[in-house]
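The next block holds one structure in the form of structure tokens; read it before the comments.
The values are calculated or read from the model by the stated rules, or taken from the named source; none is laboratory data. On a predicted model such as this, the values are computed, not experimentally measured, just so you know. Cβ placement follows ideal geometry from the backbone for every residue including glycine, while neighbour counts extend to all protein chains displayed. We work out accessible area using only protein heavy atoms, side chains counted, and drop any ligands, DNA or RNA first. Shrake-Rupley method; radii C 1.70, N 1.55, O 1.52, S 1.80 Å.
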Amino acid sequence: MERYAHPHMRRHAFGYVSYTPFFLAPELHAKFSQGRRNQTVPQNPSIGCWCGTWLAMSAEGDVAPCAILLDVLNAGNVRETPVRDIVANTEVFRRILDRSQLGGKCGRCRYKFTCGGCRAMALFASGDYMGEDPQCFFEPVDETTVCEHEAETGRVFERYALMARYAGGGI
């Protein structure tokens, strides 16, 4: 992943997928979002893992914070509880939207807000959806550890943000 897929993906604004490390400096995101943010998942623009900011629902009404997790992480059922209450009041959504609760290397990572790792990969590898993303090759010592790819990711993000602003993307 680090040697073959990631170099090509981080050079393309739309190459990011949730299970790929996204080394955007939190300060750069704050600059573009003008400091606006919800709990701890980035918005305006949304980046990193979107788990919990989108949701998935089965034909039976079961709700999960991610389509990949639909069959394994049930936050509630819309036949019993309104969807807004599931998102606002369940432990699954409260925890997954609070990236300060991430574990392992994701929990000590500078990019936990702008990346967040893949919650599905964490669950499948460890049984804990708040655990570390095993696919990530970055090994931060603590939240001050800067990845060598941060500058490149920042340049691509700035080009994307400019393009999105001029195209009416709301950034």
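Filter the stretch 76-122 down to residues that are open to solvent by 30 Å² or more (accessible area, probe 1.4 Å) and among the hydrophobic types (A, V, I, L, M, F, W, C) and give me whichever is farthest from PHE22 (Cα to Cα). It comes out as VAL78.
Go through ARG155, ARG159 for me and flag whichever is among the basic types (Lys, Arg) and at pLDDT below 85.
On the way: ARG155 fails: at pLDDT below 85.
Result of the check over ARG155, ARG159: ARG159.
Total residues in the stretch 123-171 satisfying the condition of being open to solvent by less than 70 Å² (accessible area, probe 1.4 Å), part of a loop (DSSP other than H, G, I, E, B) and not small (Gly, Ala, Ser): the figure is 14. All told, VAL41 falls short of being of a type in the set (A, V, I, L, M), exposed (fewer than 15 other Cβ atoms within 10 Å of the Cβ) and either at pLDDT below 85 or in a strand (DSSP E or B) (or both). Are any residues in the stretch 68-103 of a type in the set (D, E, K, R), touching a Ser or Thr at 6+ places or on another chain (Cβ under 8 Å) and assigned to a helix (DSSP H, G or I), and if so, which ones? Within the stretch 68-103, ARG99 is the sole residue that qualifies.
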